[in-house]
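To start, the structure under review is shown below, and the notes come after it.
The values are calculated or read from the model by the stated rules, or taken from the named source; none is laboratory data. For clarity, every value in this text was computed on a predicted model and none was experimentally measured. Because the Cβ atoms are built from the backbone with ideal geometry, glycine has one as well, and the counts that use them run over all protein chains shown.
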Amino acid sequence: MGELRSLDLGGRPVDTRASFPGGGEGTGIEGLRAYLDASRRGEFVENLCRKLLAYALGRSLLPTDDETIDAMRARLDAGGHRFGGWSRRSSPAPSSFTSEPTASRRRSE
């Protein structure tokens, strides 16, 4: 990751071609985006939701967080896979980004 560049640190052209699992190939960010969209969208969305929820809660996820992950995925799917689809104004969430273990811990503090 970093800034976009056409030459590497040695002055050679950057090779943006990639071979993906299953035999697919792509070039640049567009190739990666097309591969993820066509072959791994579900996995990508699941991982994104899990990582963002763990970060938001400030802890590792628990099995009790699965309902929240499912709600996040549904809202993202309904919003066309745009972050705006997560807006609280667009649809109410059950317990959205607070799980029962976290709420219990906060009540006891």
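So if I check each of S60, S39, S6, which one is at negative phi, more than 12 Å from the chain's Cα centre (by Cα), at pLDDT 95 or above and not hydrophobic (A, V, I, L, M, F, W, C)?
None of the others qualify; the one that does is S60.
Does the stretch 45-57 contain at least one residue that is closer than 27 Å to R82 by Cβ and in a loop (DSSP other than H, G, I, E, B)?
No, the stretch 45-57 contains no residue that is closer than 27 Å to R82 by Cβ and in a loop (DSSP other than H, G, I, E, B).
Can you find, within the stretch 58-72, the residue that is surrounded by the fewest Cβ atoms within 10 Å (Cβ to Cβ) among those that are among the polar types (S, T, N, Q) and in a helix (DSSP H, G or I)?
Among those that are among the polar types (S, T, N, Q) and in a helix (DSSP H, G or I), it is T64.
Given the residues I69, I29, which is the only one that is in contact with a Cys (Cβ under 8 Å, 6 or more places away or on another chain) and hydrophobic (A, V, I, L, M, F, W, C)?
That would be I69, the only listed residue that is in contact with a Cys (Cβ under 8 Å, 6 or more places away or on another chain) and hydrophobic (A, V, I, L, M, F, W, C).
Mind checking which residues of the stretch 63-109 are of a type in the set (A, V, I, L, M, F, W, C) and modelled with pLDDT of 80 or more?
Result: I69, A71, M72, A74, L76, A78.
Tell me the residue from L32, L53 that is surrounded by 12 or more Cβ atoms within 10 Å (Cβ to Cβ) and either touching a residue at least 24 places away in the same chain (Cβ under 8 Å) or of a type in the set (D, E, K, R) (or both), please.
Unique residue meeting the criteria: L53.
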